[in-house]
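All remarks here apply to the structure that follows.
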Ligand code: ADP
Ligand code: GLC
């Protein structure tokens with residue numbers, strides 16, 4: 001079976017969040033099921049070296065304002081099709097934002113082109129390879145079924161591949177002025193509420209949800225939450241109507257990249273049998289974040305985008321409780337300026353107890369997972385979340401809000417779960433600063449009893465967080481679609 005993945009990021013090449021981790025991991029696991037997955041990805045500057053080692057397999061003299069080509073390349077265990085279109089992707093800085101922190105003004109072309117090219121691969125194949133199924137990830141790939149539908153409307157008997165739309169985060173929908181439709185070659189006939197129109201605008205994600213054969217999202221709880229006005233962000237009505245075709249498939253993590261026994265970024269790799277070695281990693285964190293050491297209280301960490309989704313303003317409010325318990329916090333993140341300023345100030349106010357590094361640092365994120373005692377994820381909503389899964393694998397116990405994938409992956413340290421030795425973390429609800437403060441108290445109490453804490457660490461490190469089970473679910477879904485006549 002042949003499947004085309006289409007996404008705007010892919011680890012380890014280009015990453016702003018969990019989407020990249022998923023795209024970099026799933027194809028490798030699906031290969032074990034005999035699925036031939038190719039990943040279509042824009043050739044950003046970060047991919048220049050990889051691009052140079054590939055073969056040109058397709059050329060477009062004019063793709064929305066400039067020449068483009070597709071380069072086929074195998075790297076990091078992935079078969080990739082890189083869309084090399086310098087006028088769209090060869091620019092410095094963020095892949096989504098310009099130097100002023102605003103969306104690139106031509107993002108509709110940049111990701112419309114990605115979707116258009118994917119649809120051509122679906123229709124015509126590429127070098128003898130033709131996907132049975134296209135899996136579009138997030139809004140950047142949302143127009144694929146629209147382009148396919150248009151082709152069917154225009155040509156009698158055109159066969160198109162089946163389409164799956166995966167929602168990683170419904171907060172990002174790719175909304176644009178209606179006027180760009182003709183620039184993107186989209187027919188007026190598609191501009192209605194059952195196709196690409198979203199309250200008078202062009203909606204990339206809307207199109208993907210409305211026109212794909214199946215819709216998936218990244219955890220069962222988020223699939224359910226998406227049907228409610230609180231989480232559906234305006235698309236809940238459409239999702240309710242398509243409920244039969246929607247399913248939540250829980251994300252996993254790449255067990256080779258995230259393995260505490262072999263992790264080259266750790267000062268001291270370790271296993272369940274050598275947990276004491278974690279202390280060396282903890283010391284490295286203390287040095288790097290300017291923290292004084294205190295073995296009697298936990299070292300909390302945060303590795304996150306700093307946005308309102310992640311609920312870190314609640315952590316700022318709850319910080320006095322954390323400090324009052326003698327605990328410490330190491331935060332690595334970047335994003336909203338007010339949150340960056342808030343945490344930078346906290347690091348000054350609580351020098352030695354709060355350490356903050358504003359920025360993005362993949363290696364440091366591994367060290368934080370390998371040496372902290374607990375990781376805080378107080379998100380207001382979280383489609384799946386990966387940092388709590390890395391925490392589970394590394395024995396950095398997650399303290400999480402009860403929402404989306406966080407609720408699906410962390411076993412709360414309540415009396416029953418502690419007794420049955422299943423507890424892997426602390427789960428709190430409702431999601432507010434008081435409950436977060438309470439969860440911090442509970443974590444400190446658990447830490448104070450080192451026998452209980454160790455039992456939780458061991459339960460966490462043995463908890464299954466890989467891709468095996470979910471990859472089988474994706475496989476079954478693709479198979480069902482591919483076999484359908
Ligand atoms: P989201 O995709 O919503 O940002 P996830 O938890 O799914 O949330 O994935 C975030 C990914 O990005 C994880 O791999 C996490 O380790 C990484 N990450 C987030 N912020 C940083 C940072 N500042 N430095 C390094 N890695 C980060
Ligand atoms: C999104 C979500 C996050 C999820 C990731 C990968 O960025 O915010 O919860 O883990 O996608 O699916």
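Coordinate-derived values only; no laboratory data. Everything numeric in this text was worked out from a predicted model, so none of it was measured. Please note: Cβ atoms are built from the backbone with ideal geometry, for glycine as well, and neighbour counts cover all protein chains shown.
Distance between the C-alpha centers of segment 376-421 and segment 44-93? Whole Å please.
For segment 376-421 versus segment 44-93, the Cα centre distance is 38 Å.
Would you work out the relative contact order for segment 231-369, in percent, from Cα pairs under 8 angstrom that are 6 or more residues apart?
Working: 156 pairs, mean separation 33.9, N = 139.
That works out to 24 percent.
Just report the Cα centroid separation between segment 255-305 and segment 444-485, whole Å.
Measuring centre to centre over Cα atoms gives 21 Å.
In what sequence do 344, 396, 409 fall when counting other Cβ within 10 Å, fewest first?
Ranked by crowding around the Cβ, least crowded first: 344, 409, 396.
Starting from the Kirkwood radius over alpha-carbon pairs of segment 239-301, derive D by Stokes-Einstein at 20 °C in a medium of 1.002 mPa s and give it in µm² s⁻¹.
143 µm²/s
Over the chain, what is the relative contact order in percent, taking alpha-carbon pairs closer than 8 angstrom and at least six residues apart?
12 percent
Semi-axes of the equivalent ellipsoid of segment 275-462: what are they in whole Å, largest first, if each equals the square root of 5 times a C-alpha gyration tensor eigenvalue?
Values: eigenvalues 99, 71, 47 Å².
The equivalent ellipsoid of segment 275-462 has semi-axes of 22, 19, 15 Å.
Place a point 7 Å from Cα of residue 280 in the direction of its Cβ. Which residues in segment 370-388 have their backbone N less than 19 Å from it?
370-373
Any idea what Rg and Dmax come out to for segment 119-201 if you just take the C-alpha atoms, in Å?
Calculated on Cα positions, Rg and Dmax stand at 13.4, 40 Å.
What order do you get for 110, 273, 38 when you list them from fewest to most C-beta neighbours inside 10 Å?
273, 38, 110
Rounded to the nearest 500 deg cm²/dmol, what is the calculated helix-only ellipticity per residue at 222 nm for the chain, with -39500 (n - 2.57) per DSSP H run of length n ≥ 4?
Helix-only estimate at 222 nm: -11500 deg cm²/dmol.
Quick one: compute the contact order of segment 275-462, relative version, from alpha carbon pairs under 8 angstrom and 6+ residues apart, as a percent.
23 percent
Using only the alpha-carbon atoms, how far is helix 337-349 inclined from the longest principal axis of the chain? Give it as 0 to 90 degrees, nearest 10.
That works out to roughly 10 degrees.
For segment 68-139, what Kirkwood radius comes out of the mean inverse Cα-Cα distance, in Å?
The answer is 13.9 Å.
From the C-alpha coordinates alone, can you work out the Kirkwood hydrodynamic radius of segment 355-425, in Å? Each step should come with its number before you reach the end.
Values: mean 1/r = 0.0783 Å⁻¹.
After inverting the pairwise mean of 1/r, the radius is 12.8 Å.
Taking only the alpha-carbon atoms of segment 180-333, what semi-axes of the equivalent ellipsoid follow from 5 times the gyration tensor eigenvalues under a square root, in whole Å, largest first?
Values: eigenvalues 403, 78, 49 Å².
With the √(5λ) rule applied to segment 180-333, the semi-axes are 45, 20, 16 Å.
Checking a compactness column here: for segment 397-451, what do you get for Rg(Cα) / (2.2 N^0.38 Å), N being the number of residues? Don't jump to the answer; show the numbers that get you there.
Details: Rg = 10.8 Å, N = 55, 2.2 N^0.38 = 10.1 Å.
Working it through for segment 397-451, the quotient is 1.07.
Can you give the FRET efficiency for residue 420 and residue 102, using 1/(1 + (r/R0)^6), R0 = 51 Å, r = Cβ-Cβ distance, to the nearest 0.05? Don't jump to the answer; show the numbers that get you there.
Details: r = 51 Å, r/R0 = 1.00.
Using R0 = 51 Å, I get an efficiency of 0.50.
For the chain, max minus min Cα coordinate along each principal axis, in Å, sorted largest first?
71, 45, 43
So if I restrict to the alpha-carbon atoms in segment 177-271, what is the Rg, and what is Dmax, the biggest pairwise distance, in Å?
19.6, 60
Let me know the Rg and Dmax you get for segment 352-476 when you use only its Cα atoms, in Å.
14.7, 51
With a 10 Å Cβ neighbour count serving as the proxy for reagent exposure, in which order, fewest first, do 363, 479 appear?
363, 479
Which angle from 0 to 90°, rounded to the nearest 10, does the C-alpha axis of helix 278-289 make with the longest principal axis of the chain?
80 degrees
Quote the FRET efficiency, to the nearest 0.05, computed for residue 33 versus residue 316 with a Förster distance R0 of 41 Å and r equal to the Cβ-Cβ distance.
Between residue 33 and residue 316 the formula returns 0.35.
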